[in-house]
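S.K.: Here you go, one structure.
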Amino acid sequence: MSETQAPRNERILIIEDDPGVGESVRLLLDQLGCQTELTTRGADGLVRAQSGEFDLLVTDLRLPDHDGLSIIRSVKEAGVDLPMILMTSFSSLDTAIEALRCGAIDYIIKPFSNDDFRRAVERALNERRMRRENAMLKRNLKRVFTSNKIIGDSAGIKRVFELITKVAASDANVLIQGESGTGKELVAQAIHYASPRAEGPFVPINCGAIPADLLESELFGHTKGAYTGAVTASEGLIREAHGGTLFLDEISELALALQVKLLRIIQERQVRPLGSKHVYHTDVRFLAATNRDLKTVTAQGLFRADLFYRINVINIHVPPLRDRGNDVETLARHFIELHSRRLGKRITGMTDDLRQFLHSYRWPGNVRELENLIERAVILADNELLSCKDFVDVGTTNDKTTLLGEFTEEALGKALSIEHYIEEFVRRYQHAHSEAELAAMLGIGRKALWVRRNRWGLRRSGTRPPRPSAEA
């Protein structure tokens, strides 16, 4: 490799039984800055090609125990994403056509010039890079060009904008902290797309949503047969993020054993897939997020202090929606416009009572909860202005009323009956309102509230719970 040639991340497998040709090919690839592995037997080469550890295969057509076409065909049938170049001393149009049909990306006739060979290799590697980037782009398009924008004008969110601008130009690791639903991933995306890595991949992974035994394979990759169920090789998300950004959401949920491995990768910039003997250079920026106080979690011994300091070079706190003042109304208007247009409904704004509700409600689910409730309200609305009644879903079963605007999405999903809502509603407001007012706020009569209290054993304000019987 020349002194001016920068190291590259591509690994190339060469299958060539002629030692002279094999070493010549290896030398040419070394000059391109690639890592190479040479084998002289087709059977050995096929096993290595199917391992998923390589970025390009260069194989001879005629080998002592195999032929190049069958190797190319087998690799293709195994579903391995590997561009392949076939070399041969026997010029034949039929062989060239068959090679392309089998899955080869190029066909080179020996003896070939060094320049022709280098161009063929560069074309093959560039095509693989383009395929990977296009696949990543498709995954990112929906995320980037939808409602997922950071919107607001409050002091807290302005501070977030300021930090994004400052840290985007660097490669510093960033820890984003904030409650669930505040938009931590949007902050990570904003950093990535404002950075010099914007044309590289943005790869997110939720560390708390994947079992620990699978998360290691997802992050670091694995070879074929590395464990039971590994029927194909995987390069892993860290290598997939090469040249871009890896976003580790809910990093506080990462198992301690994986924290050790992640720390080593951040320090050494190298990753070794499960079952592999090879390490790969990684050019990745690490962004992390958590809804927990990671400093406290670290002090409790549940998170490694050395990893905490590595990822907490820059800390960005995303404020909860209840602390963002008029942003709640700005966001509500944005979501009304977005979902009205998407659903083909003509909704132009909101009533004063809804505006008052938006500012008085605590929004435990933050921006995510606000958008979910706005979308539901737009679907249910009959008028051009959204009002509080559009946040109330009146069920038809057993005369039960669900107050969507009063409880989080999580509570809605967990509740099995309306008792949960009535009990929580009464607990919150019974000290500030009379029975008649509570009933009116629930949208039912005072007698109906009394009946439900007695049916479900709900206590009135100031009453004591019944004593357990002697038989209990």
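The values are calculated or read from the model by the stated rules, or taken from the named source; none is laboratory data. On a predicted model such as this, the values are computed, not experimentally measured, just so you know. Note that we place each Cβ from the backbone using ideal geometry, even for glycine, and neighbour counts take in every protein chain shown. Ligands, DNA and RNA are stripped out before the accessible areas are found, and what is left, the full protein with its side chains, is counted by its heavy atoms. Shrake-Rupley method; radii C 1.70, N 1.55, O 1.52, S 1.80 Å.
S.K.: Label 7 Å along Cα→Cβ of Leu100; region 57-86 residues with amide nitrogen under 15 Å?
M.R.: Taking a point 7 Å out along Cα→Cβ of Leu100, the residues of region 57-86 whose backbone N falls under 15 Å are 84-86.
S.K.: To continue, here is another question. Suppose we keep just the alpha-carbon trace of region 148-262; what are its Rg and Dmax in angstrom?
M.R.: Calculated on Cα positions, Rg and Dmax stand at 16.1, 53 Å.
S.K.: If you don't mind, there's one more thing I want to ask. Which percent of the accessible heavy-atom area of region 165-275 goes to carbon and sulfur, probe 1.4 angstrom?
M.R.: Its accessible area is 51 percent carbon and sulfur atoms.
S.K.: Peptides 288-296, 154-162, 55-63: what's the order by average Cβ count within 10 Å, highest mean first?
M.R.: Ranked from most to least packed, the peptides come out as 55-63, 288-296, 154-162.
S.K.: Further question on the same structure: Given a 1.4 Å probe, how much area per residue of region 301-366 is accessible, in Å²?
M.R.: Details: 3450 Å² over 66 residues.
Heavy-atom accessible area per residue stands at 52 Å².
S.K.: If we sort 316-326, 121-131 on the protection proxy, mean other Cβ atoms within 10 Å, highest first, what's the order?
M.R.: Answer by packing, highest mean first, reads 316-326, 121-131.
S.K.: So, one more: Give the value in nm², to one decimal: projected area of the alpha carbon convex hull of region 237-353, averaged over all directions.
M.R.: Value for region 237-353: 11.6 nm².
S.K.: Lysine pairs in region 166-281 8 or more apart or on different chains: how many have alpha carbons under 23 angstrom apart?
M.R.: 4
S.K.: A further question follows. Which of the trypsin sites (Lys or Arg not before Pro) found in region 176-271 are in a DSSP loop and have at most 15 neighbouring Cβ atoms, other than their own, within 10 Å?
M.R.: The qualifying sites are Arg269.
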